[in-house]
Amino acid sequence: QMLDAPRKAYLLWGIEPEYDIDNPARAHQALAQAETVIAVASFATDSLREIADMILPLSPQPETEGSLINLDGTTMPFAAAGNPGGQARSGWKILRRLGGELGLEDFDQVDLAEVQGGMAKALEAEGAGPVRGAQPDAGLAGAGPGLFRIGELAMYSVDPLCRRAESLQQTTQAHSGFVGLNPDDAERLGLADGATARVRQGGAAIEIEVRVTRRVPAGGVWLRSATCVTRELGHAVGPIEVEVA
């Protein structure tokens with residue numbers, strides 16, 4: 001909704017829009033048109049510098065202490081493996097400072113234990129528990145006869161750290177430079193295994209190698225999301241066009 005109806009200002013927290021948002025093309029357009037974009041990030045990429053008016057340095061997870069809450073509602077604390085570099089700070093410290101500068105209440109914590117204690121009370125008051133699975137989108141059933149993208153999130157593209165881990169990016173699981181087509185669709189489109197296809201979506205087009213396999217259902221286009229190759233395209237799951245390059 002914040003992208004479909006663009007806002008005047010955006011706060012980006014620990015994300016890279018071209019990888020971490022379902023529709024990177026629309027995200028870039030909305031952020032580029034905004035009056036103010038403030039990013040709290042561990043990596044000041046060229047694309048982030050292009051859209052952000054201010055970047056506050058955030059400690060990456062290995063350099064901060066904190067906790068994660070999984071889908072079952074279980075809290076898993078972790079300790080810092082090292083000290084933050086430069087002027088980077090833990091997320092809670094950044095929020096505390098911003099809240100204090102704005103004169104907001106309950107932004108006077110002095111350590112993480114106070115923050116976690118307050119969160120535990122808030123979660124208990126809200127009756128937080130396991131997350132229920134999302135219901136299928138009924139609108140997808142009427143998507144029409146065209147091709148539909150299956151944009152699996154690549155295993156080692158889930159966050160900025162994984163995307164920058166050279167050892168992980170050299171594995172077979174990280175290889176995403178191809179588009180998968182069902183044999184029937186490939187034949188209809190005049191594409192063979194190893195050929196180059198032109199893929200159009202979200203107002204952009206890319207050229208990419210074709211893999212023909214029956215693992216992809218007829219009408220589906222297997223094209224991973226959150227990769228350098230696909231970051232200019234549209235929805236990870238949605239209509240898509242494929243043709244001979």
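Beta bridges from DSSP with both residues in the chain: antiparallel share about 50 percent, rounded to the nearest 5. Close amide H partners of residue 10, meaning residues 5 or more places away or on another chain with modelled amide H under 5 Å apart, are 36, 37, 38. Backbone geometry of segment 206-218 corresponds, through the Karplus equation with coefficients 6.51, -1.76 and 1.60 at θ = phi - 60°, to 3J(HN,Hα) couplings of 9, 10, 8, 5, 9, 10, 9, 7, 7, 5, 8, x, 4 Hz, x marking Gly and Pro. Solvent-free Debye calculation, one equal scatterer per alpha-carbon of segment 144-242: log10 I(q)/I(0) at 0.16 Å⁻¹ equals -0.65. Among residues other than residue 189 with Cβ under 12 Å from its Cβ, the summed charge is -3 (Lys and Arg +1, Asp and Glu -1). Amide H contacts of residue 153: 225, each under 5 Å away and 5 or more positions distant or on a separate chain (H built 1.01 Å from N in the peptide plane; Pro and chain starts excluded). Shown is the FRET efficiency for residue 35 and residue 204, computed with R0 = 30 Å from the Cβ-Cβ distance and rounded to the nearest 0.05: 0.75. Just so you know, the Cα atoms of the chain work out to an Rg and Dmax of 21.2, 64 Å.
Loop-located trypsin sites (Lys or Arg not before Pro) in segment 3-73 (DSSP state other than H, G, I, E, B) with a sparse environment of at most 10 neighbouring Cβ atoms within 10 Å: 8. Close amide H partners of residue 195, meaning residues 5 or more places away or on another chain with modelled amide H under 5 Å apart, are 210.
Let me check I've understood the local charge: for residue 172, count other residues with C-beta under 14 angstrom from its C-beta, Lys and Arg +1, Asp and Glu -1. What total comes out? Around residue 172, the surrounding residues sum to +2. Couplings 3J(HN,Hα) for segment 154-164, derived from phi with the Karplus relation 6.51 cos²θ - 1.76 cosθ + 1.60 (θ = phi - 60°), are 4, 3, 9, 10, 6, 7, x, 5, 4, 5, 9 Hz, where x marks Gly and Pro. Please give me the summed charge of the neighbours of residue 163: other residues whose Cβ is under 12 Å from its Cβ, Lys and Arg +1, Asp and Glu -1. Neighbour charge sum, excluding residue 163 itself: -3. Gain on full extension, evaluated as 0.36 nm per residue between residue 245 and residue 122 minus their Cα-Cα distance, stands at 38.8 nm.
Here, each number is a calculation from the coordinates, and none is a lab measurement. The shown structure was predicted, so the numbers you read here are calculated from the model rather than taken from an experiment. Ideal geometry is used to build each Cβ from the backbone, glycine not excepted, and the neighbour counts take in all protein chains shown.
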